Structure formats: structure tokens, C-alpha cells
Protein chains: 2
Amino acid sequence: MQQFELSEEFVSHLEKLIQANNKEDVAKLVEPLHPADIAEIIEELDTEEAQYLFLLLDEEKAGDVLAEIEEDERQRFIDSFPPEVIAKRFVDNMDSDDAADLVGSMPNEQQQEVLSHMEDLEQAGDIVDLLHYDEDSAGGLMGKELVKVNENWTVLTCLRELSRQAENLDEIFYIYVVDDDNILKGRLSLKKMILTPTSTKIKNIYNPDVTYVTTDESAESVGRIMQKYDLVAIPVVDSIGRLVGRITIDDVVDVIREEAEKDYQMMSGISQDVESSDTVWDQTKARLPWLIIGLFGGMLAAYMISFYEADIALFPATAMFIPVITAMGGNVGIQSSAIVVKGLASNSFNTKNIFQSITKEISCATINACICSSIIFILSLFFNLNSYAMPITVTISLFIVIMFASIFGTAFPLLLNKMKIDPALATGPFITLTNDIIGLNIYLFTGKAILGWLM
Amino acid sequence: MQQFELSEEFVSHLEKLIQANNKEDVAKLVEPLHPADIAEIIEELDTEEAQYLFLLLDEEKAGDVLAEIEEDERQRFIDSFPPEVIAKRFVDNMDSDDAADLVGSMPNEQQQEVLSHMEDLEQAGDIVDLLHYDEDSAGGLMGKELVKVNENWTVLTCLRELSRQAENLDEIFYIYVVDDDNILKGRLSLKKMILTPTSTKIKNIYNPDVTYVTTDESAESVGRIMQKYDLVAIPVVDSIGRLVGRITIDDVVDVIREEAEKDYQMMSGISQDVESSDTVWDQTKARLPWLIIGLFGGMLAAYMISFYEADIALFPATAMFIPVITAMGGNVGIQSSAIVVKGLASNSFNTKNIFQSITKEISCATINACICSSIIFILSLFFNLNSYAMPITVTISLFIVIMFASIFGTAFPLLLNKMKIDPALATGPFITLTNDIIGLNIYLFTGKAILGWLM
């Protein structure tokens, strides 16, 4: 199967079939597709068409499709079905982690109603368990579906147990080994099991080197561990080491991507995750707050400049270089902060190299400041400024601004991190703003001193 | 095993043992660790200590450790060993994809020497094959290690073949099914194989729904497909459908993360991947080019302002609002571009919704522009400006600047994308620069018109 490409023709053909109530052809068109593809199609349909399509899918697939639909969109469908249908058609058949996410996103009352209509009581119990965990923790990410065997069993017992346990699982990646108290002891690969005589005890063949996380480990850190050790699944244990669930790499890939996107979004001055497909109102809500903060910052800058109004009237050329000073401060600050934020995210800082990084940043800033100041000195000589006072002012100010912005851009995210605030906040409009205001003051103050003195 | 935490104490203890030439204790300390942890330790050691440690590891592990070391660091070790040691100790024992990456990063001459010293001729052949592919394509990502079975075999033959083929594999995730011509027909899960009577023919139990990619598919697109379909491994076929390799999720997680980081880096105005651990020179090389471009842009802005010098001397208050105008243009532009770049990256644009996005962007811009302009009008009244001319100028200019920056910020990355240039370029200092210059012109021109007319 080559990947399915969603086309407008496909959607409009499907819509026509739905409107003609041609169940057979709709099913024939959609059934062979992967749940992720069906989810894409459903996102293009209106609520009634989507409902129609959902009810044609077999129960197993309907649950998988629902799990693949984006969260905002999903709400729309969920609200269009009665609690009983949600329970029996979807929640009963989804993986426990997806089911818990779905139920967790509902208002309390709806949650209770859906849970009370469920037929699979084991699944309902699992969901209630999973809902206790913070959604950004290992407990919130994990699913209850896993294959575990007792260390005292033989390979034969295991094979028999596997066929029973594996019924609900799409794929088996690892088999976990526990003792009689359900304490995680190690892992066993299917490969090992196939290649070992069936009378062997698990105790003698399992691998005790198993990397696990506890339920309260942060999602970010689970991602880091799975990436570092190249794991496809990781077992989750409670505080006394009992095996309670497992997290698969596909859920973690989403966390890793979202993590990277969050930093990107912060840097762009967007306060929540929006996409071009979101409504105008959602987009405005995410963007306006930063613009207003920027606006107040800009007015503060205007207020500072107003103190120098008389000087500007006297030396209007001062105004010419305001943009270059603010822009350079902003650019240098963002570069420095971005490097620190990335370093913090990949956990590559420790006490020893924080000091090293700052020293390095200062060296780097000095080189950049020297080169940029020399260039601006030469360029500003081409302006018809009648004296050396202005070029000297601009050169000295730019040097100080670059040095300041580098050091501030490095120190600020480190400080935020120390205060347990997301350091990525330092890369957004906030740092540009601070650099603008401080840079302007450095420039105008230097200008006043030098121009007053030289002219 | 809980995750290993690298500490300074651990490293200094290890260094002491190495200096005392205490092989036994060093081995005892390091052997139980995961290759990824040993790689972290080695990155902290100097070249000679690292060499010492490498030669103590067993061959299998030494190869795994080398594969985990960061590319820049790796070069340092590679250069410290003679080609014969590299070939026999490392390349012979690595996974073919990692081995090909390693050999591919060497100069041509060293490549030939290393290949000629290899003992595992099959591996050497695989490496030569893999080196043909572009490193950013599926062919460049894939490894040759995979488990494949012929559709005409029985489950029993398969199980026997598996024990042979699986010898070189850490884990088996999927078994691929091919016909007599090695054409990929489908996949088979280990689970299915365990649960089926051994005399059954593979033909009757395999799953023909297998998502694959061709060798020339881009790494980015492989990442997208594996994420979308939640795959742990994906088979790679050549242009006529023959199975030639497989890509595992851990390699793709790196691609996904690097992709997200690249956009982040572009936005921060850093032209290549640098980290706080890189040398001052590497950091300067990555950062200075954008600063110089910004500097020239700023000087262009200065040149534009110089045309209005006489006006500024007359109305020095004009200078006050320069920073707010440039900052707001920059902020709005980055927001718009970031949303488009993200949309393009997730492939969520098509002809129909490009038009929709632009319409939405204009609506959103109009709301933001109205609110921000109203705020600036009120705030600027508090300044002692003696007339309404300045507030009106600033208000009208800000409105136009926000509208322009939104539209330009949306259209520019779309245009770059159309021209097959990375649209992420539009989010960096470049867009801020353009918005600064155009915003300033809008502001000063409006100011001249209104102030000349009103006063």
C-alpha cells in the first residue's frame, strides 16, 4: 500500500455518495484505508456526514479513527453522539490511553455518563485509574495494554498466556517479566522466546536490564529517555516498583514534536498552539496579547526618547540610527537566548559548563561586536554627517548594545530556568522588547554625552 | 535499571582509574552501562582516555557506543585510530546504517582504506550500497538488517529462518514478506506467527497492507509517514518494488527533532546547527552572517530616515515612535510567517485553503490592527504633543504597518515555498528587516503628509 493522498475529488465524490445514502459504496471506498487516513477525511466533512461515516465503520476501526482525529475537531463529533453511543461504539474499543484522553477531555457530567454506559468493565476500570494521573506525566501518557509474564513460568506457559493477552494488542514489542507481587524484574524479547526450548523457565532467560520510568516522571523526560536509549516502548512502574502500564514511541513522538513546536511558537510570540486552519477568533486570541505587550513596550521606548527630544531637534541625525540599534540588539539577543534554550531543553547544561557557556558567549559577543562596530563606523562615514561625532556615537553604542544583548540573552533564560519558569519565554517578543528599551537608552545616553562633548 | 545520571564525580573517578591503568575496575564500572550512557561518558574524556576506554569494550558494544557519539566528537576518535582498527573494531560490528554514516563522513581515501580492512564482506558490500544514496533520503536513512520471509514458505521454515536471520538484530519488530523476486508483498507480525499452526503457508496469513517508501523519498517525508501511521519501522523498496532495507523509528525521531530545530534555528537567525558546547569560532560563523545582513538593512533604514531629517528637526517627536512602529511590524510579521511555515511543514496547505488562509489572515490582521491602533491613539494622547497631528499619524501608520506586515508575512513564505526555497527563511531576521524598512517608510511618509497638512 502506497500512502493515501487526500484529494478534493475524493472528498467531493465521497460527499456525493453520502448524500445519495449509498452505504455500500461509501464502505467500499473507506474500509481499506488506514484509520489515520479516515481521520483526515472525516476532518474535511461536516458533522452530519462525519457521523454517517462513523456509524458505517466497524467498532474496532471507529475507535482507532477517533483516536487519530485532532483534539479540537474530536470534540465536535463527540458532542454529536449520545453518551451511550460514545461508550459502546468508541470508548469500549479504543486503546486505554486514547480512551482515557478522550474521556478526560469531557466535562465531568458527561464522563460519568459515558463510563456508566460502558460494557467492558475492565476497560472502564483502567480508564478511571488512568484519569488520576497528570496528563503531562508518564502516568498520563501510558496505556494499560501490555504483555507481562511471571518469572516462574516456563516458555510454554508464556506462549499460551501470550495468545490470551495479545488479543487486544496490535503489536507486541517487548514482554515484561514480573514476580508474584507484580514487581517489574526485566524484559524478554519475543525473539529470545522463539529461540529457546519451551521447558526453560523465564527466570533463566529474561534480561534484567530494563529501563523503566515511574508514573510521576514528566512527559518531556520520558521522551528524552526513550530517545536516548532508542526504545520503542517503556514500562511504567508505581512508587514501589509494580508494573502499571507502558508508553509506546508513537505517543512520545507527539510529545517530542510538540515540545519543539512549543519553543518555536513562544519565539514567534504566539501564546497558544494555533494553526492556519483555526478560526480567526482563535488566532487573534493567541496573537493579540503579545502584540499589546509589545505596544506598551514600544510606548515606553517612546517615553524614553521623549527625554531626548531637545537633543534630537538639535541633532536630527540621531533618529536615523535608532532602527539599526534596536534591530541589532534584538537579533543578537534572540541568537543568544535560542542557543541557551536549546541547550537547556537537551539537558546539556551543568554547573561546570554554565560558567563555560557564559565565558564563551562573551568571547563570541566581543568578536561580533568588534566586527559589526567596525562595519557601522565605515558605513556611517558615507552619510553626510559633517563630523565624526555621530559615527563615533553609533559605533560605541552598537558595541555596548551587542555586548549587553548577548549577556542578557544568555543570562535571562538561565535565570528563568532557575526560577522554574519556562526559559523559552526569553526568546519571544519579551527579549526583543527589553533589548529595544535598554539599547535605546544606551544609544541616546552615549549620543548625548559624545555629541555634547565633541560638538 | 533506573536511568544512569552522568556526574562529575563519576567522570573524575573513572579518569583516576584510567590513569592508574586499572583495567579491571574500569571495565567493571562501564560494562553494565547502556551504549548511550557510555557515549556520554566518552564525550567528557580527552582523546587518550577515550581511546583507552574504547579498547576495553567488547567489539559489539564498541560499535554501538561509537554510533551514539555526536558526529563532531566522533571524528576526533576516528582520527585517533588507524584504519584497520576502525574497520575491525567498529565498522564490522555496527548496524549497517550507522556504519554507512560513519564511513560516509570520512574523506574518500580513508573510506577506501577502512573498507579494504573489513572482515565482514557482506557488511562491506552493504555499506558500499548504502553510500550511493543521498543522506537525506530514505535510502540514506535505511539499514540493511531486516527479517524477510518468502510467501511460499511455511511458518515452520520461517521460524527456522528467523533464528538464522535474527542473529544480527537487537529486536524484531516486523517480518516482511517477499515473493521469489524479492518484491515486497506484505508484512507478518511475530504475534501472528506464534499463534498460527506451523504448517500454514505464509501466503495465507500475511497482511498485504504494508506501508512502504521508495529509496528516493525524502527523510522529512519518511518522518511524516511514520508519524502519521504510528509505525515503528518501515520497509524501503527500490523503483521496481524490491525490498532493499528498513528504517527504524529511532533514526526518524532524530530527523523529526532536527527538522523542528532547523526551523527554530532559522527563526533565531543562526545559519547552522550550533550548540552552547561548540567553539567560539563555530558559533561566530553561524551568527555573524545574519548580524551583518541585519546591519546593512539597518543602515538602509538610516539612509531612508535621512531623507526626512529636516522634518524630524521640525517635529522631533516623530523620532519617539520609530521603535514602536518597527517593533510592531516585526512582531506581527513573525507571527504570520510562523503560522504559515508550520502549516507548510505539516503539509496542511492545498490550493483551496491557501486562499482561505490569506482571507483569514486579513481578517485577523484587521482585528489586531484596529485594537492596537486604538490603544496607541489613546496612549499617545498622554504624551505632551501639543496637537492631534502626531497621535493621528502614529495611529494611521500603525494600522497600515500591521496590515502590511501580516499580508507580507503570510505571502512571503508561500512565495518562497513556490520557488522551492525553504519557507522557514521567511521567519528569520530577514522578515524583521524588510518590515522595519517598509514600516519606517510608511510611518515617515504618513507623518510628513499629515503633519505638513495639519500643522
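The values are calculated or read from the model by the stated rules, or taken from the named source; none is laboratory data. Since the structure is predicted, the reported quantities are computational estimates derived from the model, not experimental observations. Here Cβ is always computed from backbone atoms with ideal geometry, including for glycine, and neighbour counts include all displayed protein chains. All accessible areas refer to the heavy atoms of the entire protein, side chains included, with ligands and DNA or RNA removed. Shrake-Rupley method; radii C 1.70, N 1.55, O 1.52, S 1.80 Å.
Taking region B:4-30 as the range and being touching a residue at least 24 places away in the same chain (Cβ under 8 Å) and within 29 Å of A:Ile183 (Cβ to Cβ) as the test, the residues that pass are B:Phe4, B:Leu6, B:Phe10, B:Val30.
Consider region A:63-100 and keep the residues that are within 29 Å of the chain's Cα centre (by Cα), of a type in the set (Asp, Glu) and within 17 Å of A:Glu119 (Cβ to Cβ). The one that is most open to solvent (accessible area, probe 1.4 Å) is A:Asp95.
The set of residues in region A:384-438 being more than 20 Å from A:Cys372 (Cα to Cα), among the polar types (S, T, N, Q) and assigned to a helix (DSSP H, G or I) consists of A:Asn417, A:Thr427, A:Thr434. Residue count for region B:282-297, restricted to those that are free of Cβ contacts under 8 Å to residues at least 60 places away in the same chain, under 25 Å from the mean Cα position of the chain (by Cα) and more than 7 Å from chain A (Cβ to nearest Cβ): 4. Restricting the first member to region B:298-321 and to residues that are more than 7 Å from chain A (Cβ to nearest Cβ) and within 25 Å of A:Cys372 (Cα to Cα), and the second to residues that are modelled with pLDDT of 85 or more and open to solvent by 10 Å² or more (accessible area, probe 1.4 Å), the beta-carbon pairs closer than 8 Å and six or more apart or on different chains are B:Leu300/B:Ile437; B:Met304/B:Ile437; B:Met304/B:Asn441.
So is B:Leu398 in contact with a Cys (Cβ under 8 Å, 6 or more places away or on another chain) and either more than 7 Å from chain A (Cβ to nearest Cβ) or over 16 Å from B:Phe445 (Cα atoms) (or both) or not? Reasoning before the result, please.
Numbers: in contact with a Cys (Cβ under 8 Å, 6 or more places away or on another chain): yes; either more than 7 Å from chain A (Cβ to nearest Cβ) or over 16 Å from B:Phe445 (Cα atoms) (or both): yes.
Taking the combined requirement at face value, the residue satisfies it.
Any residue at all in region B:299-312 that is crowded, with 22+ Cβ neighbours inside 10 Å and touching a Cys at 6+ places or on another chain (Cβ under 8 Å)?
In the first step, residues of region B:299-312 are kept if they are crowded, with 22+ Cβ neighbours inside 10 Å; the result is B:301-302, B:305, B:308, B:312.
Restricting the remaining residues to those that are touching a Cys at 6+ places or on another chain (Cβ under 8 Å) gives none.
No - not one qualifying residue is present in region B:299-312.
For A:Leu288, the conditions (1) at positive phi; (2) in the same structural domain as A:Ile437 (by TED's automatic domain parsing) are fulfilled apart from (1). Within region A:336-360, restricting attention to residues that are among the β-branched types (Val, Ile, Thr) and either at pLDDT below 80 or in contact with a Ser or Thr (Cβ under 8 Å, 6 or more places away or on another chain) (or both), the residue that is farthest from A:Val222 (Cα to Cα) is A:Ile358.
Within region A:324-336, is even one residue open to solvent by less than 50 Å² (accessible area, probe 1.4 Å) and more than 33 Å from the chain's Cα centre (by Cα)? Yes, the conditions are met somewhere in region A:324-336.
Checking each residue of region A:240-263 against the condition of being polar (S, T, N, Q) and free of Cβ contacts under 8 Å to residues at least 60 places away in the same chain gives no match. The set of residues from region B:410-455 being touching an Asp or Glu at 6+ places or on another chain (Cβ under 8 Å) and of a type in the set (A, V, I, L, M) comprises B:Leu416, B:Ala424, B:Leu444, B:Leu451. The residue list A:Lys201, A:Lys185, A:Lys144 contains one member that is modelled with pLDDT of 85 or more, surrounded by 18 or more Cβ atoms within 10 Å (Cβ to Cβ), out of contact with any helix residue (DSSP H, G or I) (no Cβ under 7 Å at 6 or more places or on another chain) and farther than 22 Å from B:Val255 by Cβ, which is A:Lys185.
Look at region A:100-116: where a residue is not assigned by TED's automatic domain parsing to the domain that holds A:Gly245 and modelled with pLDDT of 85 or more and a partner is assigned to a loop (DSSP other than H, G, I, E, B) and open to solvent by less than 90 Å² (accessible area, probe 1.4 Å), sitting 6+ places away or on another chain with Cβ atoms under 7 Å, you get A:Leu102/A:Met94; A:Val114/A:Met106. Say whether the condition of being open to solvent by 50 Å² or more (accessible area, probe 1.4 Å), in the same structural domain as A:Val128 (by TED's automatic domain parsing) and basic (Lys, Arg) is met by at least one residue in region A:3-16. Yes: region A:3-16 contains one or more residues that are open to solvent by 50 Å² or more (accessible area, probe 1.4 Å), in the same structural domain as A:Val128 (by TED's automatic domain parsing) and basic (Lys, Arg).
A:Ser271: under 30 Å from A:Asp179 (Cα atoms), of a type in the set (Gly, Ala, Ser) and not assigned by TED's automatic domain parsing to the domain that holds A:Leu295, yes or no? Outline the logic, then answer.
Details: under 30 Å from A:Asp179 (Cα atoms): no; of a type in the set (Gly, Ala, Ser): yes; not assigned by TED's automatic domain parsing to the domain that holds A:Leu295: yes.
The answer is no for A:Ser271.
Just checking, does region A:305-317 include any residue being among the hydrophobic types (A, V, I, L, M, F, W, C) and farther than 30 Å from A:Ala389 by Cα? For region A:305-317, residues among the hydrophobic types (A, V, I, L, M, F, W, C) and farther than 30 Å from A:Ala389 by Cα: absent. Restricting attention to region B:409-438 and to residues that are in contact with a Ser or Thr (Cβ under 7 Å, 6 or more places away or on another chain) and either outside the structural domain of B:Ala327 (by TED's automatic domain parsing) or closer than 12 Å to B:Gly329 by Cα (or both), the residue that is surrounded by the fewest Cβ atoms within 10 Å (Cβ to Cβ) turns out to be B:Ile431.
When A:Asp282, A:Asp251 are screened for being open to solvent by 50 Å² or more (accessible area, probe 1.4 Å) and part of a helix (DSSP H, G or I), only A:Asp282 passes.
Being facing another protein chain (nearest Cβ under 7 Å) and in contact (Cβ under 8 Å) with a residue 12 or more places away in the chain is the requirement here; does B:Val340 meet it? Yes, satisfied. Applying a threshold of 7 Å to beta carbon distances and a minimum spacing of six or more residues, or different chains, the list of pairs starting in region B:269-281 at a residue that is more than 8 Å from every other protein chain (Cβ to nearest Cβ) and ending at one that is open to solvent by less than 20 Å² (accessible area, probe 1.4 Å) reads B:Ser271/B:Ala286; B:Gln272/B:Ala286.
Report yes if some residue within region B:215-233 is charged (D, E, K, R), at the interface with chain A (Cβ under 9 Å from one of its Cβ atoms) and not in a helix (DSSP H, G or I); otherwise report no. For region B:215-233, residues charged (D, E, K, R), at the interface with chain A (Cβ under 9 Å from one of its Cβ atoms) and not in a helix (DSSP H, G or I): present. Listed conditions (1) surrounded by fewer than 18 Cβ atoms within 10 Å (Cβ to Cβ); (2) without any contact (Cβ under 8 Å) to a residue 60 or more places away in the chain; (3) in contact with a helix residue (DSSP H, G or I) (Cβ under 6 Å, 6 or more places away or on another chain) are all met by B:Ala124, apart from (1).
Kindly provide the set of residues from region B:422-449 that are modelled with pLDDT under 85 and among the aliphatic types (A, V, I, L, M), ordered by number.
Of the residues in region B:422-449, the ones modelled with pLDDT under 85 are B:422-433.
B:Ala424, B:Leu425, B:Ala426, B:Ile431, B:Leu433, listed by residue number.
Touching a Phe, Trp or Tyr at 6+ places or on another chain (Cβ under 6 Å), hydrophobic (A, V, I, L, M, F, W, C) and outside any loop (DSSP other than H, G, I, E, B): does that describe A:Leu66? For A:Leu66, the condition - touching a Phe, Trp or Tyr at 6+ places or on another chain (Cβ under 6 Å), hydrophobic (A, V, I, L, M, F, W, C) and outside any loop (DSSP other than H, G, I, E, B) - is met.
Between A:Ser374, A:Ser363, which is open to solvent by 20 Å² or more (accessible area, probe 1.4 Å), more than 10 Å from chain B (Cβ to nearest Cβ) and modelled with pLDDT of 90 or more? Show your work before the answer.
Details: A:Ser363 fails: more than 10 Å from chain B (Cβ to nearest Cβ).
Sole residue among the options that is open to solvent by 20 Å² or more (accessible area, probe 1.4 Å), more than 10 Å from chain B (Cβ to nearest Cβ) and modelled with pLDDT of 90 or more: A:Ser374.
Among the residues of region A:39-62, those that are more than 15 Å from A:Asp98 (Cα to Cα) and within 28 Å of the chain's Cα centre (by Cα) comprise A:Glu40, A:Ile41, A:Ile42, A:Glu43, A:Glu44, A:Leu45.
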